Amino acid sequence: MEKQTEKGGRAIHNNMAMDDACCAQVEKYVIGLDYGTLSARAVIVGVNDGEVVSESVYAYPHGVLRTVPGTEEELPSDYALQEIDDYVEAMYETIRGAVEQSGCKAEDIIGIGIDATSSTFLPLTESGKPLCKTERFKRNPHAQLKLWKHHGAQAEAERITELANRRKENFMMRCGGRVNAEWMLPKLLEIAGKAPDLYEATDNFIEVSDYLVYLLTGEVTRCMCHAGYKLLWNEEDGYPSEDFMWALHPPLVSLKEKLKGRQVQVGECAGKLTQESADRLGLKAGTAVAASLIDAHVAVPSAGIDGPDKALMILGTSCCMMLCSQKLSYVQGISGCVRNAVLPGLYAYEAGQSAVGDLFDWFVSNCVPGAYEKEAQRLGVSIHTLLSGKASRLAPGQSGLIALDWWNGNRSCLADAKLTGMILGLTLGTKPEEIYRALLEATAFGMRAIFEEFAKGGIVAEELYACGGIVHKNPFMMQLYADILGKTILTSSTEQGSAFGAAVYASVAAGVEAGGYASVNEAARSMGKTGEKKYEPVPGNVEAYHRLYKEYKLLHDYFGTGGNEVMHRMKE
(Lines give C-alpha, C1' and ligand atoms only; values in the text may rest on other atoms or scores of the structure.)
Protein backbone atom coordinates (compact mmCIF):
# COMPACT_ATOMS: atom_id res chain seq x y z
CA MET A 1 0.00 0.00 0.00
CA GLU A 2 1.37 3.33 -1.04
CA LYS A 3 2.33 6.06 1.37
CA GLN A 4 2.20 9.44 -0.31
CA THR A 5 5.14 11.79 0.37
CA GLU A 6 7.02 14.76 -0.96
CA LYS A 7 9.66 15.14 -3.68
CA GLY A 8 11.48 12.06 -4.91
CA GLY A 9 14.87 11.08 -3.61
CA ARG A 10 14.94 13.41 -0.63
CA ALA A 11 14.38 12.43 2.97
CA ILE A 12 12.02 14.79 4.78
CA HIS A 13 12.57 14.81 8.53
CA ASN A 14 9.94 15.82 11.04
CA ASN A 15 11.23 16.35 14.55
CA MET A 16 8.45 15.58 16.99
CA ALA A 17 10.70 15.94 20.03
CA MET A 18 10.16 19.45 21.34
CA ASP A 19 13.37 19.49 23.38
CA ASP A 20 15.87 17.25 25.13
CA ALA A 21 13.37 16.63 27.90
CA CYS A 22 11.16 14.69 25.50
CA CYS A 23 13.69 11.89 25.22
CA ALA A 24 14.29 11.97 28.96
CA GLN A 25 10.65 11.13 29.62
CA VAL A 26 10.99 7.66 28.11
CA GLU A 27 13.96 5.44 28.80
CA LYS A 28 13.98 3.26 25.66
CA TYR A 29 13.01 3.68 22.01
CA VAL A 30 12.46 1.57 18.92
CA ILE A 31 12.59 2.31 15.20
CA GLY A 32 9.94 1.30 12.71
CA LEU A 33 10.65 1.47 8.96
CA ASP A 34 7.76 1.07 6.54
CA TYR A 35 8.15 0.64 2.76
CA GLY A 36 5.18 1.72 0.67
CA THR A 37 4.72 1.74 -3.08
CA LEU A 38 6.34 5.13 -3.68
CA SER A 39 8.13 6.00 -0.46
CA ALA A 40 9.54 4.79 2.84
CA ARG A 41 8.95 6.19 6.33
CA ALA A 42 10.96 5.69 9.52
CA VAL A 43 9.70 6.61 12.98
CA ILE A 44 11.24 6.51 16.42
CA VAL A 45 8.75 5.53 19.12
CA GLY A 46 8.92 5.50 22.89
CA VAL A 47 8.61 1.97 24.25
CA ASN A 48 6.70 2.86 27.42
CA ASP A 49 4.07 5.26 26.07
CA GLY A 50 4.09 4.72 22.30
CA GLU A 51 4.81 8.38 21.58
CA VAL A 52 6.41 9.14 18.21
CA VAL A 53 9.38 11.43 18.80
CA SER A 54 10.64 11.79 15.22
CA GLU A 55 10.03 10.60 11.68
CA SER A 56 11.70 10.75 8.31
CA VAL A 57 10.25 10.15 4.83
CA TYR A 58 12.04 9.28 1.59
CA ALA A 59 10.36 9.20 -1.83
CA TYR A 60 11.89 6.74 -4.31
CA PRO A 61 13.57 8.73 -7.10
CA HIS A 62 12.66 6.16 -9.77
CA GLY A 63 9.11 5.41 -8.58
CA VAL A 64 7.58 2.54 -10.53
CA LEU A 65 9.64 1.81 -13.65
CA ARG A 66 8.02 2.44 -17.02
CA THR A 67 10.85 1.17 -19.20
CA VAL A 68 13.26 -1.73 -19.09
CA PRO A 69 16.31 -0.51 -17.11
CA GLY A 70 19.09 0.75 -19.34
CA THR A 71 16.80 0.95 -22.39
CA GLU A 72 13.89 2.97 -23.74
CA GLU A 73 11.77 -0.14 -24.22
CA GLU A 74 8.32 0.30 -22.68
CA LEU A 75 7.31 -2.30 -20.12
CA PRO A 76 3.91 -3.99 -20.50
CA SER A 77 1.10 -2.12 -18.73
CA ASP A 78 0.58 -4.91 -16.20
CA TYR A 79 4.24 -4.87 -15.08
CA ALA A 80 5.26 -3.11 -11.85
CA LEU A 81 9.03 -3.08 -11.27
CA GLN A 82 11.24 -0.93 -9.06
CA GLU A 83 14.87 -0.03 -8.47
CA ILE A 84 16.39 -1.84 -5.46
CA ASP A 85 18.87 1.01 -4.90
CA ASP A 86 15.92 3.26 -4.02
CA TYR A 87 14.98 0.91 -1.18
CA VAL A 88 18.50 0.61 0.14
CA GLU A 89 19.09 4.35 0.08
CA ALA A 90 15.71 4.93 1.73
CA MET A 91 16.68 2.65 4.62
CA TYR A 92 19.89 4.49 5.44
CA GLU A 93 18.49 7.97 4.80
CA THR A 94 15.29 7.64 6.83
CA ILE A 95 16.73 5.82 9.84
CA ARG A 96 19.74 8.11 10.05
CA GLY A 97 17.54 11.17 9.64
CA ALA A 98 15.05 10.06 12.29
CA VAL A 99 17.87 9.29 14.74
CA GLU A 100 19.52 12.68 14.21
CA GLN A 101 16.25 14.55 14.58
CA SER A 102 15.14 12.68 17.70
CA GLY A 103 18.09 13.66 19.87
CA CYS A 104 17.91 10.21 21.49
CA LYS A 105 21.10 8.45 22.52
CA ALA A 106 22.10 5.46 20.42
CA GLU A 107 22.25 3.19 23.46
CA ASP A 108 18.61 4.02 24.27
CA ILE A 109 17.38 2.72 20.91
CA ILE A 110 16.88 -1.01 21.47
CA GLY A 111 15.33 -2.35 18.26
CA ILE A 112 14.54 -1.90 14.57
CA GLY A 113 11.53 -3.31 12.72
CA ILE A 114 11.09 -3.28 8.93
CA ASP A 115 7.91 -3.92 6.94
CA ALA A 116 7.24 -3.72 3.21
CA THR A 117 4.57 -4.37 0.64
CA SER A 118 4.29 -8.03 -0.25
CA SER A 119 5.00 -9.90 -2.31
CA THR A 120 7.75 -7.53 -3.41
CA PHE A 121 10.89 -9.56 -4.02
CA LEU A 122 14.09 -9.92 -6.01
CA PRO A 123 16.51 -12.70 -7.10
CA LEU A 124 20.00 -12.87 -5.56
CA THR A 125 23.29 -14.46 -6.52
CA GLU A 126 25.08 -16.89 -4.18
CA SER A 127 27.04 -13.97 -2.73
CA GLY A 128 23.83 -12.09 -1.91
CA LYS A 129 24.07 -9.64 -4.79
CA PRO A 130 20.85 -8.71 -6.68
CA LEU A 131 20.90 -10.26 -10.16
CA CYS A 132 19.72 -6.95 -11.58
CA LYS A 133 23.16 -5.57 -10.62
CA THR A 134 25.03 -8.16 -12.68
CA GLU A 135 26.16 -7.49 -16.24
CA ARG A 136 24.35 -10.57 -17.51
CA PHE A 137 20.87 -9.68 -16.20
CA LYS A 138 20.84 -5.92 -15.66
CA ARG A 139 18.49 -5.38 -18.62
CA ASN A 140 16.24 -8.35 -17.88
CA PRO A 141 12.94 -7.08 -16.42
CA HIS A 142 12.49 -10.29 -14.42
CA ALA A 143 15.73 -9.60 -12.53
CA GLN A 144 14.37 -6.34 -11.13
CA LEU A 145 12.53 -5.80 -7.86
CA LYS A 146 9.03 -7.07 -8.64
CA LEU A 147 6.44 -4.94 -6.84
CA TRP A 148 3.33 -6.30 -5.12
CA LYS A 149 1.03 -4.84 -7.78
CA HIS A 150 2.87 -6.49 -10.68
CA HIS A 151 0.03 -8.28 -12.49
CA GLY A 152 2.06 -9.85 -15.29
CA ALA A 153 1.54 -13.28 -13.73
CA GLN A 154 -2.26 -13.43 -13.92
CA ALA A 155 -2.20 -16.38 -16.35
CA GLU A 156 0.21 -18.19 -14.03
CA ALA A 157 -2.07 -17.51 -11.04
CA GLU A 158 -5.00 -19.03 -12.92
CA ARG A 159 -2.90 -22.05 -13.84
CA ILE A 160 -1.89 -22.65 -10.21
CA THR A 161 -5.50 -22.23 -9.08
CA GLU A 162 -6.84 -24.70 -11.63
CA LEU A 163 -4.21 -27.36 -10.92
CA ALA A 164 -4.42 -27.07 -7.13
CA ASN A 165 -8.22 -27.25 -7.08
CA ARG A 166 -8.23 -30.20 -9.48
CA ARG A 167 -5.77 -32.02 -7.21
CA LYS A 168 -7.69 -30.91 -4.09
CA GLU A 169 -4.55 -29.52 -2.48
CA ASN A 170 -5.04 -28.76 1.23
CA PHE A 171 -3.37 -25.36 1.05
CA MET A 172 -6.16 -23.95 -1.11
CA MET A 173 -8.60 -23.76 1.79
CA ARG A 174 -6.29 -21.25 3.45
CA CYS A 175 -6.34 -18.88 0.49
CA GLY A 176 -10.02 -19.07 -0.31
CA GLY A 177 -9.73 -21.38 -3.30
CA ARG A 178 -7.91 -18.92 -5.56
CA VAL A 179 -4.31 -17.84 -6.05
CA ASN A 180 -3.70 -14.14 -6.63
CA ALA A 181 -1.33 -12.78 -9.29
CA GLU A 182 0.17 -10.46 -6.66
CA TRP A 183 1.65 -13.39 -4.74
CA MET A 184 5.18 -14.73 -5.00
CA LEU A 185 4.45 -18.18 -6.44
CA PRO A 186 2.71 -16.95 -9.65
CA LYS A 187 5.54 -14.46 -10.17
CA LEU A 188 8.13 -17.22 -9.71
CA LEU A 189 6.28 -19.38 -12.22
CA GLU A 190 6.32 -16.38 -14.57
CA ILE A 191 10.10 -16.09 -14.18
CA ALA A 192 10.68 -19.83 -14.61
CA GLY A 193 8.60 -19.82 -17.79
CA LYS A 194 9.66 -16.53 -19.40
CA ALA A 195 13.25 -16.22 -18.13
CA PRO A 196 14.44 -19.80 -17.43
CA ASP A 197 18.12 -18.81 -17.54
CA LEU A 198 17.51 -16.22 -14.82
CA TYR A 199 15.57 -18.72 -12.72
CA GLU A 200 18.41 -21.21 -13.02
CA ALA A 201 21.04 -18.58 -12.13
CA THR A 202 19.17 -17.40 -9.00
CA ASP A 203 20.50 -18.69 -5.72
CA ASN A 204 17.82 -17.09 -3.53
CA PHE A 205 14.46 -15.45 -4.19
CA ILE A 206 13.94 -13.11 -1.26
CA GLU A 207 11.28 -10.65 -0.08
CA VAL A 208 12.70 -7.14 -0.11
CA SER A 209 12.12 -6.67 3.63
CA ASP A 210 14.12 -9.86 4.34
CA TYR A 211 16.86 -8.52 2.06
CA LEU A 212 17.02 -5.25 4.00
CA VAL A 213 17.25 -7.16 7.29
CA TYR A 214 20.17 -9.06 5.72
CA LEU A 215 21.93 -5.79 4.84
CA LEU A 216 21.61 -4.61 8.44
CA THR A 217 22.57 -7.85 10.18
CA GLY A 218 24.51 -10.01 7.73
CA GLU A 219 21.99 -12.77 8.58
CA VAL A 220 19.89 -14.32 5.80
CA THR A 221 16.45 -14.91 7.30
CA ARG A 222 13.05 -15.65 5.85
CA CYS A 223 9.98 -14.50 7.75
CA MET A 224 7.34 -17.20 7.44
CA CYS A 225 4.62 -14.58 7.52
CA HIS A 226 5.51 -13.76 3.90
CA ALA A 227 5.74 -17.48 3.05
CA GLY A 228 2.31 -18.18 4.51
CA TYR A 229 0.48 -15.50 2.55
CA LYS A 230 2.49 -15.41 -0.66
CA LEU A 231 3.97 -18.90 -1.10
CA LEU A 232 1.16 -21.17 0.19
CA TRP A 233 3.19 -22.32 3.22
CA ASN A 234 1.62 -23.34 6.52
CA GLU A 235 2.88 -24.68 9.85
CA GLU A 236 1.35 -28.14 9.39
CA ASP A 237 2.28 -28.98 5.79
CA GLY A 238 5.10 -26.61 4.88
CA TYR A 239 5.39 -25.54 1.24
CA PRO A 240 3.44 -27.17 -1.60
CA SER A 241 4.84 -30.64 -2.34
CA GLU A 242 7.49 -31.38 -4.95
CA ASP A 243 4.90 -33.54 -6.67
CA PHE A 244 2.64 -30.50 -7.07
CA MET A 245 5.54 -28.37 -8.28
CA TRP A 246 6.49 -31.01 -10.85
CA ALA A 247 2.95 -31.09 -12.19
CA LEU A 248 2.91 -27.28 -12.29
CA HIS A 249 6.30 -26.76 -13.97
CA PRO A 250 9.15 -29.29 -13.56
CA PRO A 251 11.93 -26.72 -12.96
CA LEU A 252 10.01 -25.52 -9.88
CA VAL A 253 10.87 -28.79 -8.12
CA SER A 254 14.10 -27.04 -7.13
CA LEU A 255 12.26 -24.03 -5.69
CA LYS A 256 12.83 -24.88 -2.02
CA GLU A 257 16.56 -24.80 -2.68
CA LYS A 258 16.11 -21.24 -3.91
CA LEU A 259 14.28 -20.07 -0.79
CA LYS A 260 17.26 -19.78 1.51
CA GLY A 261 17.37 -18.25 4.96
CA ARG A 262 16.78 -19.21 8.57
CA GLN A 263 13.05 -19.36 9.15
CA VAL A 264 11.82 -16.76 11.65
CA GLN A 265 8.42 -15.63 12.94
CA VAL A 266 7.03 -12.15 13.55
CA GLY A 267 8.29 -10.60 16.77
CA GLU A 268 11.42 -12.75 16.67
CA CYS A 269 14.89 -11.22 16.61
CA ALA A 270 16.32 -11.92 13.15
CA GLY A 271 19.79 -10.68 14.03
CA LYS A 272 21.86 -7.86 15.49
CA LEU A 273 23.00 -4.68 13.83
CA THR A 274 26.54 -5.01 12.44
CA GLN A 275 29.20 -2.45 13.23
CA GLU A 276 29.24 -1.26 9.62
CA SER A 277 25.47 -0.69 9.57
CA ALA A 278 25.53 0.90 13.00
CA ASP A 279 28.15 3.41 11.86
CA ARG A 280 26.06 4.35 8.82
CA LEU A 281 22.89 4.78 10.88
CA GLY A 282 24.29 6.45 13.96
CA LEU A 283 23.20 3.53 16.14
CA LYS A 284 24.84 1.01 18.43
CA ALA A 285 26.19 -2.27 17.06
CA GLY A 286 24.27 -5.22 18.45
CA THR A 287 20.87 -3.47 18.35
CA ALA A 288 18.11 -6.04 17.77
CA VAL A 289 16.59 -6.21 14.28
CA ALA A 290 13.16 -7.84 14.14
CA ALA A 291 11.99 -10.41 11.62
CA SER A 292 10.63 -8.60 8.58
CA LEU A 293 6.91 -7.98 8.26
CA ILE A 294 4.12 -7.37 5.73
CA ASP A 295 3.06 -3.71 5.73
CA ALA A 296 -0.65 -4.20 6.31
CA HIS A 297 -0.18 -6.78 9.05
CA VAL A 298 1.97 -4.62 11.33
CA ALA A 299 -0.78 -2.01 11.56
CA VAL A 300 -2.90 -4.35 13.72
CA PRO A 301 -1.05 -3.80 17.04
CA SER A 302 -0.46 -0.15 16.16
CA ALA A 303 -4.22 0.36 16.50
CA GLY A 304 -4.15 -1.25 19.95
CA ILE A 305 -5.69 -4.53 18.74
CA ASP A 306 -4.49 -7.31 21.03
CA GLY A 307 -7.03 -10.11 20.59
CA PRO A 308 -9.48 -11.93 18.29
CA ASP A 309 -12.60 -10.85 16.38
CA LYS A 310 -11.43 -7.30 15.74
CA ALA A 311 -11.05 -6.22 12.11
CA LEU A 312 -8.73 -3.49 10.86
CA MET A 313 -9.07 -1.70 7.53
CA ILE A 314 -5.84 -0.08 6.33
CA LEU A 315 -7.02 2.52 3.84
CA GLY A 316 -4.44 3.93 1.47
CA THR A 317 -3.63 3.51 -2.21
CA SER A 318 -5.12 0.06 -1.88
CA CYS A 319 -6.93 -1.44 1.08
CA CYS A 320 -5.99 -4.37 3.27
CA MET A 321 -8.35 -5.79 5.86
CA MET A 322 -6.94 -7.91 8.68
CA LEU A 323 -9.06 -10.01 11.04
CA CYS A 324 -7.58 -12.26 13.73
CA SER A 325 -9.62 -15.25 14.92
CA GLN A 326 -9.30 -18.40 16.98
CA LYS A 327 -11.09 -20.26 14.16
CA LEU A 328 -9.68 -21.82 11.00
CA SER A 329 -12.33 -21.58 8.31
CA TYR A 330 -12.74 -21.42 4.53
CA VAL A 331 -13.41 -17.91 3.21
CA GLN A 332 -13.63 -17.55 -0.57
CA GLY A 333 -10.96 -15.49 -2.29
CA ILE A 334 -9.09 -14.25 0.76
CA SER A 335 -5.43 -13.29 0.57
CA GLY A 336 -4.47 -15.94 3.07
CA CYS A 337 -4.97 -17.29 6.56
CA VAL A 338 -1.84 -17.96 8.63
CA ARG A 339 -1.47 -18.83 12.30
CA ASN A 340 0.90 -16.73 14.43
CA ALA A 341 1.38 -14.28 11.57
CA VAL A 342 0.14 -11.21 13.45
CA LEU A 343 -0.87 -12.12 17.02
CA PRO A 344 0.37 -15.24 18.86
CA GLY A 345 -1.95 -18.24 18.72
CA LEU A 346 -4.47 -16.64 16.37
CA TYR A 347 -5.23 -17.16 12.69
CA ALA A 348 -4.77 -13.89 10.82
CA TYR A 349 -7.05 -13.53 7.79
CA GLU A 350 -6.11 -11.05 5.09
CA ALA A 351 -8.34 -9.63 2.39
CA GLY A 352 -8.50 -6.35 0.55
CA GLN A 353 -8.95 -4.24 -2.54
CA SER A 354 -6.36 -3.41 -5.18
CA ALA A 355 -7.47 0.20 -5.72
CA VAL A 356 -8.89 2.68 -3.21
CA GLY A 357 -6.85 5.87 -2.96
CA ASP A 358 -5.41 5.04 -6.38
CA LEU A 359 -8.95 5.05 -7.78
CA PHE A 360 -9.80 8.47 -6.36
CA ASP A 361 -6.46 9.87 -7.55
CA TRP A 362 -7.13 8.50 -11.05
CA PHE A 363 -10.40 10.41 -11.18
CA VAL A 364 -8.90 13.64 -9.88
CA SER A 365 -5.94 13.41 -12.28
CA ASN A 366 -7.95 12.60 -15.40
CA CYS A 367 -11.60 13.61 -15.11
CA VAL A 368 -12.00 16.86 -13.16
CA PRO A 369 -12.68 20.01 -15.22
CA GLY A 370 -10.48 23.07 -14.96
CA ALA A 371 -13.24 25.11 -13.31
CA TYR A 372 -13.11 22.79 -10.28
CA GLU A 373 -9.34 23.14 -10.04
CA LYS A 374 -9.68 26.93 -10.05
CA GLU A 375 -12.36 26.77 -7.37
CA ALA A 376 -10.16 24.57 -5.19
CA GLN A 377 -7.26 26.99 -5.62
CA ARG A 378 -9.48 29.95 -4.73
CA LEU A 379 -10.68 28.20 -1.58
CA GLY A 380 -7.20 26.99 -0.68
CA VAL A 381 -8.21 23.30 -0.52
CA SER A 382 -7.29 20.14 -2.42
CA ILE A 383 -9.44 18.79 -5.23
CA HIS A 384 -10.28 15.81 -3.01
CA THR A 385 -11.55 18.12 -0.26
CA LEU A 386 -13.58 20.16 -2.73
CA LEU A 387 -15.18 17.09 -4.30
CA SER A 388 -15.86 15.50 -0.92
CA GLY A 389 -17.61 18.67 0.24
CA LYS A 390 -19.81 18.80 -2.84
CA ALA A 391 -20.48 15.04 -2.70
CA SER A 392 -21.46 15.20 0.98
CA ARG A 393 -24.44 17.37 0.08
CA LEU A 394 -25.92 14.58 -2.05
CA ALA A 395 -28.28 11.95 -0.63
CA PRO A 396 -27.47 8.25 -1.08
CA GLY A 397 -28.60 7.22 -4.55
CA GLN A 398 -29.44 10.79 -5.62
CA SER A 399 -27.04 10.72 -8.58
CA GLY A 400 -28.42 7.50 -10.04
CA LEU A 401 -24.85 6.20 -10.35
CA ILE A 402 -23.31 2.96 -9.20
CA ALA A 403 -19.77 1.76 -9.86
CA LEU A 404 -17.64 -1.36 -9.65
CA ASP A 405 -14.33 -0.64 -7.92
CA TRP A 406 -12.08 -2.82 -10.08
CA TRP A 407 -9.80 -0.22 -11.72
CA ASN A 408 -6.83 -2.36 -10.67
CA GLY A 409 -8.59 -5.73 -10.73
CA ASN A 410 -10.23 -7.47 -7.79
CA ARG A 411 -8.09 -8.76 -4.93
CA SER A 412 -10.85 -10.17 -2.71
CA CYS A 413 -12.95 -12.13 -2.92
CA LEU A 414 -12.85 -12.78 -6.68
CA ALA A 415 -9.03 -12.66 -6.91
CA ASP A 416 -9.12 -11.67 -10.57
CA ALA A 417 -6.67 -9.08 -11.91
CA LYS A 418 -8.40 -9.10 -15.30
CA LEU A 419 -11.54 -7.43 -13.98
CA THR A 420 -11.88 -3.73 -14.74
CA GLY A 421 -13.84 -0.76 -13.44
CA MET A 422 -17.31 0.33 -14.45
CA ILE A 423 -19.74 3.21 -13.82
CA LEU A 424 -23.43 2.70 -14.54
CA GLY A 425 -26.05 5.46 -14.85
CA LEU A 426 -24.10 8.28 -16.49
CA THR A 427 -26.17 11.00 -18.20
CA LEU A 428 -25.44 14.32 -19.87
CA GLY A 429 -26.29 15.94 -16.54
CA THR A 430 -23.84 13.92 -14.42
CA LYS A 431 -21.49 16.09 -12.36
CA PRO A 432 -17.92 15.32 -11.20
CA GLU A 433 -18.89 15.19 -7.52
CA GLU A 434 -21.55 12.59 -8.33
CA ILE A 435 -18.98 10.35 -9.99
CA TYR A 436 -16.55 10.96 -7.14
CA ARG A 437 -19.17 9.91 -4.60
CA ALA A 438 -20.06 6.83 -6.64
CA LEU A 439 -16.39 5.78 -6.60
CA LEU A 440 -16.15 6.28 -2.84
CA GLU A 441 -19.31 4.23 -2.41
CA ALA A 442 -17.99 1.51 -4.71
CA THR A 443 -14.93 0.91 -2.54
CA ALA A 444 -17.15 0.69 0.56
CA PHE A 445 -19.51 -1.71 -1.24
CA GLY A 446 -16.47 -3.80 -2.15
CA MET A 447 -15.47 -3.97 1.52
CA ARG A 448 -19.01 -4.97 2.47
CA ALA A 449 -18.83 -7.85 -0.03
CA ILE A 450 -15.63 -8.99 1.69
CA PHE A 451 -17.23 -8.96 5.15
CA GLU A 452 -20.16 -10.98 3.79
CA GLU A 453 -17.80 -13.69 2.55
CA PHE A 454 -16.14 -13.80 5.96
CA ALA A 455 -19.52 -14.17 7.63
CA LYS A 456 -20.30 -17.16 5.41
CA GLY A 457 -17.21 -18.83 6.89
CA GLY A 458 -18.29 -18.02 10.42
CA ILE A 459 -15.66 -15.30 10.86
CA VAL A 460 -17.35 -12.15 12.18
CA ALA A 461 -15.79 -8.89 13.31
CA GLU A 462 -17.19 -7.79 16.65
CA GLU A 463 -15.29 -4.51 16.41
CA LEU A 464 -14.10 -2.55 13.36
CA TYR A 465 -11.05 -0.28 13.28
CA ALA A 466 -9.53 1.85 10.52
CA CYS A 467 -6.12 3.42 9.95
CA GLY A 468 -4.16 4.92 7.07
CA GLY A 469 -3.85 8.32 5.46
CA ILE A 470 -7.43 8.47 4.18
CA VAL A 471 -8.79 8.01 7.70
CA HIS A 472 -7.34 11.35 8.81
CA LYS A 473 -7.80 13.19 5.51
CA ASN A 474 -11.40 12.40 4.56
CA PRO A 475 -14.00 12.22 7.36
CA PHE A 476 -16.80 12.21 4.77
CA MET A 477 -15.49 8.95 3.33
CA MET A 478 -15.24 7.40 6.79
CA GLN A 479 -18.86 8.29 7.57
CA LEU A 480 -19.87 6.84 4.22
CA TYR A 481 -18.06 3.57 5.11
CA ALA A 482 -19.86 3.42 8.48
CA ASP A 483 -23.21 3.88 6.74
CA ILE A 484 -22.57 1.28 4.02
CA LEU A 485 -21.03 -1.30 6.34
CA GLY A 486 -23.61 -0.59 9.05
CA LYS A 487 -20.86 -0.70 11.68
CA THR A 488 -19.27 1.71 14.13
CA ILE A 489 -15.72 2.44 12.99
CA LEU A 490 -13.01 3.16 15.56
CA THR A 491 -9.94 4.96 14.27
CA SER A 492 -6.26 4.71 15.10
CA SER A 493 -4.79 7.98 16.31
CA THR A 494 -1.37 7.33 14.83
CA GLU A 495 -0.79 8.68 11.35
CA GLN A 496 2.32 6.53 10.90
CA GLY A 497 0.32 3.26 10.80
CA SER A 498 2.61 0.58 9.47
CA ALA A 499 5.88 2.26 10.47
CA PHE A 500 4.51 2.58 14.00
CA GLY A 501 3.46 -1.09 13.91
CA ALA A 502 6.94 -2.16 12.79
CA ALA A 503 8.28 -0.35 15.85
CA VAL A 504 5.86 -2.30 18.09
CA TYR A 505 7.30 -5.58 16.79
CA ALA A 506 10.82 -4.20 17.25
CA SER A 507 10.07 -3.75 20.95
CA VAL A 508 9.21 -7.46 21.17
CA ALA A 509 12.33 -8.50 19.24
CA ALA A 510 14.45 -6.44 21.65
CA GLY A 511 13.03 -8.35 24.61
CA VAL A 512 12.21 -7.53 28.20
CA GLU A 513 15.82 -7.41 29.42
CA ALA A 514 16.62 -4.64 26.95
CA GLY A 515 13.53 -2.67 27.97
CA GLY A 516 11.04 -4.10 25.46
CA TYR A 517 8.08 -6.47 25.75
CA ALA A 518 7.57 -10.21 26.12
CA SER A 519 4.73 -10.49 23.57
CA VAL A 520 3.05 -8.61 20.73
CA ASN A 521 -0.19 -8.55 22.75
CA GLU A 522 1.50 -6.78 25.65
CA ALA A 523 3.23 -4.32 23.33
CA ALA A 524 -0.06 -3.56 21.54
CA ARG A 525 -1.79 -2.79 24.83
CA SER A 526 0.99 -0.46 25.97
CA MET A 527 2.02 1.20 22.71
CA GLY A 528 -1.06 0.93 20.47
CA LYS A 529 -3.06 4.04 19.64
CA THR A 530 -6.84 3.87 19.38
CA GLY A 531 -8.16 7.34 18.65
CA GLU A 532 -11.08 9.07 20.27
CA LYS A 533 -12.65 9.68 16.87
CA LYS A 534 -15.26 7.14 15.82
CA TYR A 535 -17.96 7.03 13.17
CA GLU A 536 -21.47 5.81 13.95
CA PRO A 537 -23.76 4.66 11.11
CA VAL A 538 -26.74 6.92 10.38
CA PRO A 539 -29.88 4.70 10.36
CA GLY A 540 -31.52 6.41 7.37
CA ASN A 541 -28.37 6.14 5.29
CA VAL A 542 -27.88 2.52 6.31
CA GLU A 543 -31.30 1.62 4.90
CA ALA A 544 -30.74 3.55 1.67
CA TYR A 545 -27.36 1.92 1.14
CA HIS A 546 -28.79 -1.50 1.86
CA ARG A 547 -30.95 -1.09 -1.24
CA LEU A 548 -28.09 0.32 -3.32
CA TYR A 549 -25.79 -2.50 -2.25
CA LYS A 550 -28.21 -5.02 -3.75
CA GLU A 551 -27.71 -3.33 -7.12
CA TYR A 552 -23.92 -3.33 -6.64
CA LYS A 553 -23.97 -7.03 -5.79
CA LEU A 554 -25.98 -7.85 -8.92
CA LEU A 555 -23.33 -6.17 -11.07
CA HIS A 556 -20.52 -7.66 -8.94
CA ASP A 557 -21.74 -11.21 -9.48
CA TYR A 558 -22.75 -10.74 -13.13
CA PHE A 559 -19.40 -9.35 -14.29
CA GLY A 560 -17.22 -11.02 -11.68
CA THR A 561 -18.42 -14.62 -11.44
CA GLY A 562 -18.91 -15.65 -15.05
CA GLY A 563 -22.25 -14.14 -15.94
CA ASN A 564 -20.56 -12.03 -18.58
CA GLU A 565 -16.80 -12.07 -19.15
CA VAL A 566 -16.77 -8.96 -21.32
CA MET A 567 -14.18 -7.38 -19.01
CA HIS A 568 -11.79 -10.26 -19.66
CA ARG A 569 -12.35 -10.01 -23.39
CA MET A 570 -11.85 -6.26 -23.48
CA LYS A 571 -8.71 -6.53 -21.33
CA GLU A 572 -7.24 -8.82 -23.99
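The values are calculated or read from the model by the stated rules, or taken from the named source; none is laboratory data. Since this is a predicted model, take the numbers as computed values, not measurements. Because the Cβ atoms are built from the backbone with ideal geometry, glycine has one as well, and the counts that use them run over all protein chains shown. We work out accessible area using only protein heavy atoms, side chains counted, and drop any ligands, DNA or RNA first. Shrake-Rupley method; radii C 1.70, N 1.55, O 1.52, S 1.80 Å.
General observations
- Any hit, the range 192-201, residues being open to solvent by 10 Å² or more (accessible area, probe 1.4 Å) and closer than 21 Å to Gln82 by Cβ: yes
- Within the range 257-288, tally of residues that are within 30 Å of Ile191 (Cα to Cα) and more than 25 Å from the chain's Cα centre (by Cα): 1
- Subset of the range 308-357 (residues that are assigned to a loop (DSSP other than H, G, I, E, B), under 18 Å from Leu232 (Cα atoms) and of a type in the set (D, E, K, R)): none
Yes or no, residue by residue, for (1) open to solvent by less than 30 Å² (accessible area, probe 1.4 Å); (2) under 30 Å from Lys418 (Cα atoms); (3) touching a Pro at 6+ places or on another chain (Cβ under 6 Å):
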residue: Phe360; (1), (2), (3): yes, yes, no
residue: Asn366; (1), (2), (3): no, yes, no
residue: Pro369; (1), (2), (3): no, yes, no
residue: Ala376; (1), (2), (3): yes, no, no
residue: Leu379; (1), (2), (3): no, no, no
residue: Leu387; (1), (2), (3): yes, yes, no
residue: Lys390; (1), (2), (3): no, no, no
residue: Arg393; (1), (2), (3): no, no, no
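- The helices (runs of 4 or more DSSP H) falling completely within the range 463-572 that include 3 or more residues that are out of contact with any Lys or Arg (no Cβ under 7 Å at 6 or more places or on another chain) and within 30 Å of Thr420 (Cβ to Cβ) map to 469-473, 475-485, 539-560, 566-571.
- Among the residues listed as Val57, Val53, Val45, the single one being touching a residue at least 12 places away in the same chain (Cβ under 8 Å), under 19 Å from Leu216 (Cβ atoms) and within 25 Å of the chain's Cα centre (by Cα): Val45
- Pair list, Cβ < 6 Å and 6+ apart or interchain, from the range 170-199 residues that are more than 15 Å from Asn234 (Cα to Cα) and without any contact (Cβ under 8 Å) to a residue 60 or more places away in the chain to residues that are of a type in the set (Asp, Glu) and open to solvent by 10 Å² or more (accessible area, probe 1.4 Å): Pro186/Glu156; Glu190/Glu156
- In the range 319-326, the condition of being touching a Cys at 6+ places or on another chain (Cβ under 9 Å) and either surrounded by 24 or more Cβ atoms within 10 Å (Cβ to Cβ) or within 19 Å of Gly457 (Cβ to Cβ) (or both) is met by at least one residue.
- Selection count, the range 466-513, where residues are open to solvent by 20 Å² or more (accessible area, probe 1.4 Å), of a type in the set (Val, Ile, Thr) and either without any contact (Cβ under 8 Å) to a residue 24 or more places away in the chain or in contact with an Asp or Glu (Cβ under 7 Å, 6 or more places away or on another chain) (or both): 2
- Hits in the range 87-130 - residues which are in a helix (DSSP H, G or I) and surrounded by fewer than 22 Cβ atoms within 10 Å (Cβ to Cβ): Val88, Glu89, Tyr92, Glu93, Arg96, Glu100, Gln101, Ala106, Glu107, Asp108
- Residues (part of a helix (DSSP H, G or I) and over 31 Å from the mean Cα position of the chain (by Cα)) located in the range 377-418: Gln377, Arg378, Leu379
- Where strands (runs of 3 or more DSSP E) sit wholly within the range 1-52, those with at least 2 residues that are at pLDDT 65 or above and either out of contact with any strand residue (DSSP E or B) (no Cβ under 7 Å at 6 or more places or on another chain) or closer than 17 Å to Glu107 by Cβ (or both) occupy 29-35, 39-46.
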